[in-house]
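Below is one structure, written out as structure tokens; the observations come after it.
The values are calculated or read from the model by the stated rules, or taken from the named source; none is laboratory data. Computed from a prediction, not measured in an experiment: that's the story for all the values here. Don't worry about glycine lacking a Cβ; one is built from the backbone with ideal geometry, like all the others, and counts go over all protein chains shown. We work out accessible area using only protein heavy atoms, side chains counted, and drop any ligands, DNA or RNA first. Shrake-Rupley method; radii C 1.70, N 1.55, O 1.52, S 1.80 Å.
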Amino acid sequence: MWCPRCNSSRIQRGYDETLMVLQIAGLHELLCNNCGLEFKGFDPLRRLPRAPTKRRRFELNQRCFPRYKVHLPATISLVERNVLTWDVAYTHRSRAHCETISQIGLALSFVGTRFSEKQLTRPGCSLFVTVDLPAGAIGAVVSIVHWERPAGSGRTGWFVGTTISQMSDCDAARLAAYIEKRSKSGLLLLPV
């Protein structure tokens, strides 16, 4: 038995029942485990089993780049770009804390009294972040991909998830060394 779309032999009986007349004739609903195509096929002796696919067990942290729970002081500034001249300016700085760190992103918490909700929630909002690592400070331009207001913060607190857009080679090497040191200690942030 072969799949008509991808020619895979990974075929099982489908989950939708066919009409009784078709089942007597030997036609059954079949499912390709390779491409997911559902089709009718000839299986008069019902030799194809109906079983869900088995997944291998994943590790605790299955992301491309593992995240680590930290509590590091940081400073943030909004990045404002002039549309006509492409000049970049940074707004005044505000204090924050880096709560989670990885090779490609940061999670920051801060009290956003200097930043309005409109500024932080606009699409493509960028921040300039300086995080104080034990080996020295690193600076990066990050883009906000997720934001929320924690419950009980009185509508002044922010928690933002970011991805790193720009970072100097020196700071990237310092971040990689810090993450390697954290990976050896084995304190991963478990996915929820």
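Things to note:
- Fluctuation leader among Lys69, Lys40, Lys181 - the chain, Gaussian network, Cα springs under 10 angstrom: Lys40
- Expressed as a whole percent, the accessible surface of the chain that belongs to carbon and sulfur atoms is 56, based on a 1.4 Å probe.
- Between Ala74, Ala25, Ala151, the residue with the greatest mean-square fluctuation in the GNM of the chain (Cα pairs under 10 Å linked by springs) is Ala25.
- Shape of the chain, Cα gyration tensor, a/c cut at 1.5: prolate
- Computed helical MRE - 222 nm, the chain, DSSP H runs ≥ 4 contributing -39500 (n - 2.57), nearest 500: -4000 deg cm²/dmol
- Contact order for the chain, expressed relative to its length and based on alpha carbon pairs under 8 Å spaced 6+ residues apart, stands at 16 percent.
- Each of Leu133, Pro150, Ala172 was placed along the dipole of the stretch 133-183 (beta-carbon charges, centred on the mean Cα), and the one lying farthest toward the positive end is Pro150.
- FRET efficiency, 1/(1 + (r/R0)^6) with R0 25 Å, evaluated for Lys40 and Ser9 via beta carbons: 0.90
- Legend: calculated FRET efficiency, His146 to Leu84, from the Cβ-Cβ distance at R0 = 35 Å, rounded to 0.05, equals 0.70.
- Think of a 1.4 Å ball rolled over the protein heavy atoms: the chain then has 65 Å² of accessible area per residue.
- Taking the longest Cα principal axis of the chain as reference, the axis of helix 169-185 is set at about 60 degrees.
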